1. Between residue 106 and residue 145, what FRET efficiency comes out of the Förster formula 1/(1 + (r/R0)^6) with R0 = 22 Å and r the beta carbon distance, rounded to 0.05?
2. Run the quick spin-label model on residue 199 and residue 173: label points 7 Å from Cα toward the beta carbon, then report their separation in nm to one decimal.
3. Under the rule a/c < 1.5 gives rounded, and otherwise a/b versus b/c splits prolate from oblate, where does the stretch 1-103 land using the Cα gyration tensor?
4. Kindly state, to the nearest 0.05, the FRET efficiency for residue 96 paired with residue 76, given R0 = 30 Å and r defined as their beta-carbon distance.
5. Could you order 31, 46 by accessible surface area, starting with the largest, using a probe radius of 1.4 Å?
6. Across bins of 10 angstrom width beginning at 0, how are the C-alpha pair distances of the stretch 6-49 distributed, in whole percent?
7. Would you calculate, for the chain, the mean residue ellipticity at 222 nm contributed by helices, counting each DSSP H stretch of 4 or more residues as -39,500 (n - 2.57) and dividing by all residues, to the nearest 500?
8. Quick one: the Cα spread of the stretch 115-180 along its three principal axes, in angstroms, biggest first?
Amino acid sequence: MHRFSTGRTVVRRDVHRSGRVWSEHALRVIEDTGETLLAACPPGAETRWPTLYTQARADGDRSIRLAAFDAMATDTWELTAATWQQTEVLLWRPQHAWFSVNAFYTAAGLRTWYVNFEHPATRTPDGYDTLDLTVDLLVAPDLTTWRWKDEDEYAHVRRLGIVTDTEHEAVNSARDEALSMIEERSGPFADAAAWQTWRWDSLWPTPRLSDGRGEH
(Lines give C-alpha, C1' and ligand atoms only; values in the text may rest on other atoms or scores of the structure.)
Protein backbone atom coordinates (compact mmCIF):
# COMPACT_ATOMS: atom_id res chain seq x y z
CA MET A 1 0.00 0.00 0.00
CA HIS A 2 1.20 3.48 -0.86
CA ARG A 3 1.58 5.74 2.18
CA PHE A 4 2.03 9.47 1.71
CA SER A 5 4.14 11.93 3.65
CA THR A 6 2.69 15.06 5.22
CA GLY A 7 2.75 17.97 2.78
CA ARG A 8 2.72 15.74 -0.28
CA THR A 9 0.25 16.57 -3.06
CA VAL A 10 -2.02 13.65 -3.90
CA VAL A 11 -4.77 13.28 -6.48
CA ARG A 12 -8.23 11.98 -5.65
CA ARG A 13 -9.71 10.49 -8.82
CA ASP A 14 -13.24 9.32 -9.55
CA VAL A 15 -12.88 6.37 -11.90
CA HIS A 16 -15.81 4.83 -13.74
CA ARG A 17 -16.05 1.04 -14.04
CA SER A 18 -14.99 1.42 -17.68
CA GLY A 19 -11.62 2.61 -16.38
CA ARG A 20 -12.12 6.18 -17.61
CA VAL A 21 -11.45 9.03 -15.20
CA TRP A 22 -14.58 11.00 -14.26
CA SER A 23 -12.82 13.67 -12.17
CA GLU A 24 -9.53 14.61 -10.50
CA HIS A 25 -8.91 16.76 -7.45
CA ALA A 26 -5.50 17.84 -6.07
CA LEU A 27 -5.14 17.68 -2.27
CA ARG A 28 -2.44 18.27 0.34
CA VAL A 29 -1.72 15.41 2.76
CA ILE A 30 -2.19 16.43 6.38
CA GLU A 31 -1.65 12.94 7.86
CA ASP A 32 -1.62 9.39 6.53
CA THR A 33 -1.77 6.37 8.84
CA GLY A 34 -2.12 3.92 5.97
CA GLU A 35 -5.63 3.04 7.10
CA THR A 36 -6.87 6.64 7.13
CA LEU A 37 -5.84 9.55 4.94
CA LEU A 38 -6.40 13.13 6.12
CA ALA A 39 -6.06 15.65 3.29
CA ALA A 40 -7.12 19.20 2.51
CA CYS A 41 -7.32 21.96 -0.06
CA PRO A 42 -8.14 25.68 -0.26
CA PRO A 43 -10.03 27.55 -2.97
CA GLY A 44 -7.91 27.48 -6.12
CA ALA A 45 -6.84 23.83 -5.85
CA GLU A 46 -6.70 22.32 -9.31
CA THR A 47 -9.40 19.92 -10.50
CA ARG A 48 -10.69 18.34 -13.68
CA TRP A 49 -14.42 17.72 -14.00
CA PRO A 50 -16.79 16.55 -16.74
CA THR A 51 -17.56 19.49 -19.00
CA LEU A 52 -21.31 19.28 -18.37
CA TYR A 53 -20.77 19.20 -14.61
CA THR A 54 -18.56 22.28 -14.84
CA GLN A 55 -21.28 24.00 -16.86
CA ALA A 56 -23.91 23.05 -14.26
CA ARG A 57 -21.80 24.60 -11.48
CA ALA A 58 -21.35 27.80 -13.48
CA ASP A 59 -25.02 28.11 -14.46
CA GLY A 60 -26.58 26.74 -11.28
CA ASP A 61 -28.70 24.44 -13.45
CA ARG A 62 -29.29 21.06 -11.81
CA SER A 63 -30.79 19.62 -15.00
CA ILE A 64 -27.34 19.83 -16.59
CA ARG A 65 -25.95 17.80 -13.69
CA LEU A 66 -28.40 15.03 -14.59
CA ALA A 67 -27.29 15.28 -18.21
CA ALA A 68 -23.71 14.78 -17.02
CA PHE A 69 -24.73 11.41 -15.55
CA ASP A 70 -26.43 10.51 -18.83
CA ALA A 71 -23.04 11.15 -20.46
CA MET A 72 -21.40 8.88 -17.87
CA ALA A 73 -23.86 6.09 -18.63
CA THR A 74 -23.11 6.32 -22.36
CA ASP A 75 -19.35 6.83 -21.93
CA THR A 76 -19.46 10.13 -23.81
CA TRP A 77 -18.03 12.69 -21.38
CA GLU A 78 -15.00 14.94 -21.70
CA LEU A 79 -13.03 16.60 -18.89
CA THR A 80 -12.44 20.31 -18.35
CA ALA A 81 -9.78 21.92 -16.17
CA ALA A 82 -11.26 23.84 -13.23
CA THR A 83 -10.47 24.92 -9.68
CA TRP A 84 -12.05 24.26 -6.31
CA GLN A 85 -14.01 27.32 -5.20
CA GLN A 86 -15.35 29.12 -2.11
CA THR A 87 -14.43 26.74 0.72
CA GLU A 88 -11.44 25.20 2.41
CA VAL A 89 -11.86 21.44 2.76
CA LEU A 90 -10.52 18.97 5.31
CA LEU A 91 -11.15 15.40 4.19
CA TRP A 92 -11.02 12.19 6.27
CA ARG A 93 -10.79 9.08 4.10
CA PRO A 94 -10.83 5.66 5.80
CA GLN A 95 -9.39 3.07 3.47
CA HIS A 96 -12.21 0.52 3.34
CA ALA A 97 -15.36 2.57 3.99
CA TRP A 98 -17.99 3.46 1.40
CA PHE A 99 -17.80 7.13 2.38
CA SER A 100 -15.49 9.97 3.30
CA VAL A 101 -16.11 12.75 5.83
CA ASN A 102 -15.40 16.29 4.67
CA ALA A 103 -15.52 19.57 6.57
CA PHE A 104 -16.14 22.77 4.59
CA TYR A 105 -14.85 26.08 5.94
CA THR A 106 -15.46 29.72 5.07
CA ALA A 107 -13.96 32.84 6.63
CA ALA A 108 -16.59 32.49 9.35
CA GLY A 109 -15.36 29.00 10.30
CA LEU A 110 -16.78 25.50 9.84
CA ARG A 111 -19.81 25.77 7.55
CA THR A 112 -20.87 22.12 7.43
CA TRP A 113 -19.78 18.53 7.75
CA TYR A 114 -20.32 16.67 4.48
CA VAL A 115 -20.42 12.87 4.29
CA ASN A 116 -19.72 11.83 0.70
CA PHE A 117 -20.78 8.29 -0.24
CA GLU A 118 -18.31 6.71 -2.64
CA HIS A 119 -16.42 3.54 -3.49
CA PRO A 120 -13.77 2.32 -1.04
CA ALA A 121 -10.41 3.92 -1.80
CA THR A 122 -7.84 2.21 -4.01
CA ARG A 123 -4.39 3.65 -3.35
CA THR A 124 -2.29 4.63 -6.36
CA PRO A 125 1.27 6.00 -6.60
CA ASP A 126 -0.23 9.49 -6.97
CA GLY A 127 -3.15 9.34 -4.50
CA TYR A 128 -6.27 7.24 -4.55
CA ASP A 129 -9.14 6.23 -6.81
CA THR A 130 -12.81 6.06 -5.86
CA LEU A 131 -16.19 6.86 -7.47
CA ASP A 132 -18.66 9.37 -6.07
CA LEU A 133 -22.08 7.71 -5.74
CA THR A 134 -23.91 11.09 -5.71
CA VAL A 135 -25.87 10.88 -2.45
CA ASP A 136 -24.51 12.92 0.48
CA LEU A 137 -25.24 13.70 4.11
CA LEU A 138 -25.02 17.30 5.36
CA VAL A 139 -24.39 17.65 9.10
CA ALA A 140 -24.55 20.85 11.16
CA PRO A 141 -21.25 22.06 12.65
CA ASP A 142 -22.43 21.17 16.17
CA LEU A 143 -23.54 17.68 14.98
CA THR A 144 -27.10 18.19 16.29
CA THR A 145 -28.96 18.05 12.96
CA TRP A 146 -28.45 16.48 9.55
CA ARG A 147 -30.18 16.05 6.19
CA TRP A 148 -29.71 13.99 3.03
CA LYS A 149 -28.60 15.72 -0.17
CA ASP A 150 -28.94 14.81 -3.87
CA GLU A 151 -31.37 11.93 -3.42
CA ASP A 152 -32.81 12.90 -6.84
CA GLU A 153 -29.42 12.43 -8.49
CA TYR A 154 -28.95 9.15 -6.66
CA ALA A 155 -32.31 7.89 -7.99
CA HIS A 156 -31.23 8.96 -11.48
CA VAL A 157 -27.92 7.10 -11.42
CA ARG A 158 -29.74 4.07 -10.05
CA ARG A 159 -32.11 4.16 -13.04
CA LEU A 160 -29.14 4.49 -15.40
CA GLY A 161 -27.40 1.49 -13.84
CA ILE A 162 -24.39 3.55 -12.77
CA VAL A 163 -25.06 2.41 -9.19
CA THR A 164 -25.78 -1.32 -9.19
CA ASP A 165 -27.99 -3.19 -6.73
CA THR A 166 -24.87 -4.44 -4.93
CA GLU A 167 -23.51 -0.92 -4.64
CA HIS A 168 -26.91 0.31 -3.46
CA GLU A 169 -26.85 -2.22 -0.63
CA ALA A 170 -23.35 -1.05 0.32
CA VAL A 171 -24.51 2.58 0.32
CA ASN A 172 -27.45 1.73 2.58
CA SER A 173 -25.10 0.06 5.05
CA ALA A 174 -22.72 3.03 4.82
CA ARG A 175 -25.59 5.43 5.57
CA ASP A 176 -26.24 3.58 8.83
CA GLU A 177 -22.52 3.50 9.64
CA ALA A 178 -22.13 7.24 9.10
CA LEU A 179 -25.18 8.07 11.22
CA SER A 180 -23.87 5.83 14.01
CA MET A 181 -20.52 7.63 13.92
CA ILE A 182 -22.29 10.96 14.35
CA GLU A 183 -24.47 9.71 17.20
CA GLU A 184 -21.55 7.99 18.95
CA ARG A 185 -19.10 10.83 18.23
CA SER A 186 -16.62 8.37 16.74
CA GLY A 187 -14.20 8.66 13.82
CA PRO A 188 -13.50 12.33 13.04
CA PHE A 189 -16.52 13.34 15.10
CA ALA A 190 -14.69 12.19 18.25
CA ASP A 191 -12.40 15.20 17.87
CA ALA A 192 -15.02 17.64 16.59
CA ALA A 193 -13.62 20.54 18.65
CA ALA A 194 -10.25 20.32 16.88
CA TRP A 195 -11.98 20.16 13.52
CA GLN A 196 -13.98 23.26 14.43
CA THR A 197 -10.79 25.30 14.78
CA TRP A 198 -8.81 23.84 11.86
CA ARG A 199 -7.91 26.18 9.00
CA TRP A 200 -5.75 25.97 5.90
CA ASP A 201 -2.29 27.44 6.54
CA SER A 202 -1.71 30.31 4.12
CA LEU A 203 1.97 29.29 3.87
CA TRP A 204 1.06 25.96 2.28
CA PRO A 205 1.19 25.93 -1.54
CA THR A 206 -2.09 25.45 -3.38
CA PRO A 207 -2.32 21.82 -4.57
CA ARG A 208 -1.89 21.40 -8.31
CA LEU A 209 -2.57 18.31 -10.35
CA SER A 210 0.89 18.34 -11.92
CA ASP A 211 2.48 18.21 -8.43
CA GLY A 212 0.89 14.87 -7.59
CA ARG A 213 1.77 13.00 -10.76
CA GLY A 214 4.80 10.83 -11.28
CA GLU A 215 5.90 10.85 -7.61
CA HIS A 216 6.41 7.55 -5.79
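The values are calculated or read from the model by the stated rules, or taken from the named source; none is laboratory data. Owing to the predicted nature of the structure, the values given are computational and were not obtained by experimental measurement. Counting neighbours? That spans all protein chains shown, and the Cβs are built from the backbone with ideal geometry, glycine included. Protein only, heavy atoms only, side chains kept; ligands, DNA and RNA dropped before computing areas. Shrake-Rupley method; radii C 1.70, N 1.55, O 1.52, S 1.80 Å.
1. Given R0 = 22 Å and the Cβ-Cβ separation, E is 0.75.
2. Distance between the two pseudo-spin positions: 4.1 nm.
3. Verdict is prolate for the stretch 1-103.
4. 0.40
5. The ranking, largest first, comes out as 31, 46.
6. Percent of pairs per bin, in order: 27, 45, 27, 1.
7. -8000 deg cm²/dmol
8. Computed over the Cα atoms, the extents are 36, 32, 17 Å.
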